[in-house]
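Structure record follows, encoded as structure tokens.
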Amino acid sequence: MKAEYKKQLVITAFVVLFVCVGGVVLIALGAQEYNKSQAFKAKAESAPGRVFGFEVYDAPGADISDDIHYAMVVFTLEDGREIRFRGPSKDGLVKLRKGDEVIVLYDPADPTIAKVDNFMGLWFGATMLSGFGAAAILIPLLTLWQAWKWCKRQ
């Protein structure tokens with residue numbers, strides 16, 4: 001292998017290492033999110049809820065068609081109190097409409113801390129962080145492996 005290729009391979013390896021460290025951080029954050037969701041679900045109580053409307057988040061500087069619409073959910077506690085909270089985005093993977101029935105998980109100590117019991121409400125953040133982290137590790141490592149093979153052929 002030529003010396004100039006070795007130098008480029010070493011530089012590439014350092015870049016790959018840097019990106020892989022970022023991937024490990026993302027996976028760690030994903031694991032942390034997963035643990036938070038697990039802990040929440042373990043202590044949460046459930047109640048039937050209903051989508052009663054949508055809250056629009058007007059992204060600064062974005063076109064009106066890029067606004068995010070969050071489902072507003074209401075549920076009733078056993079003591080008759082009605083709790084309202086902002087649920088997942090209707091623009092996301094879960095398509096919610098006004099009047100849809102949902103299962104709500106809430107913290108019995110503080111019922112205002114509530115989530116819709118679905119993938120988007122509980123596991124989406126952990127999955128995305130871990131997936132991006134895995135990709136940030138695998139893709140650079142495969143690239144480095146291909147570069148190493150190419151250098152050996154030269």
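The values are calculated or read from the model by the stated rules, or taken from the named source; none is laboratory data. These numbers were taken from a predicted model, which means no experiment stands behind them. Cβ sites come from the backbone with ideal geometry, for glycine too, and all protein chains shown count toward neighbours.
Some observations on this one:
- Here T143 qualifies as touching a Ser or Thr at 6+ places or on another chain (Cβ under 9 Å) and assigned to a helix (DSSP H, G or I).
- Inter-residue pairs, beta-carbon under 6 Å, first in the same structural domain as I137 (by TED's automatic domain parsing) and in segment 1-19, second surrounded by 14 or more Cβ atoms within 10 Å (Cβ to Cβ) and not hydrophobic (A, V, I, L, M, F, W, C), 6+ apart: V16/P140; V19/P140
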